[in-house]
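Scroll down for the structure; my scribbles are underneath it.
The values are calculated or read from the model by the stated rules, or taken from the named source; none is laboratory data. Here the structure is a predicted model, which means the values were calculated and not measured. Backbone-built Cβ (ideal geometry, glycine too); neighbour counts: all protein chains shown.
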Amino acid sequence: MTHTIHVQRTAVVTGAARGFGAAVARRLAGDGLAVGVIDLDEADCADVAADVTTQQWETVLGINLSGPVFAARAVCPHKVTAGWGRIVNTSSISVVGDAGRVDYAGAKAGLIGFTKSLALQLGPHGVTENAIAPTASFLVSPGAGLVSGQVVYVAGGPVN
């Protein structure tokens with residue numbers, strides 16, 4: 001007798017109150033995943049300045065690098081125990097250079113390094129870690145089991 005166990009796939013989407021994050025959350029929910037959404041209140045963000053201040057640097061890195069690190073720290077033990085999981089971080093085409101946004105480009109480049117390193121660490125446990133710049137719901141599907149440590153660039157054309 002064969003028993004089939006149904007496991008509800010779950011995704012947590014950061015920055016999901018609006019824009020790209022909201023679209024990702026809706027798409028994943030439409031694909032049948034249970035989706036948790038996280039976002040910051042814009043009033044809590046640092047003021048935009050002409051130069052990158054220490055406060056701005058820390059805020060941008062906190063949101064775009066530390067946030068995914070802490071989220072992974074929270075979910076990784078459960079995914080390793082389950083022997084299966086998909087983690088998809090949202091990077092940016094800005095990693096190839098973005099004049100005037102060195103804080104954001106630096107944070108997203110750091111996220112790629114984190115993603116690739118964690119992919120190597122989690123791979124033996126059946127957990128994949130990828131980054132998108134910016135999305136494909138394929139990466140959270142069972143069919144993406146052999147895709148790990150990759151950055152998928154989705155762009156409308158060449159970067160000037």
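Among the residues of segment 75-114 satisfying the criterion of being in contact with a helix residue (DSSP H, G or I) (Cβ under 8 Å, 6 or more places away or on another chain) and among the hydroxyl-bearing types (Ser, Thr, Tyr), which is nearest to SER141 (Cα to Cα)?
This residue is THR90.
Going residue by residue through segment 48-56, is there one that turns out to be at pLDDT 75 or above, under 23 Å from GLU129 (Cα atoms) and polar (S, T, N, Q)?
Here is the first cut: in segment 48-56, the ones at pLDDT 75 or above are 54-56.
Restricting the remaining residues to those that are under 23 Å from GLU129 (Cα atoms) gives none.
No, segment 48-56 contains no residue that is at pLDDT 75 or above, under 23 Å from GLU129 (Cα atoms) and polar (S, T, N, Q).
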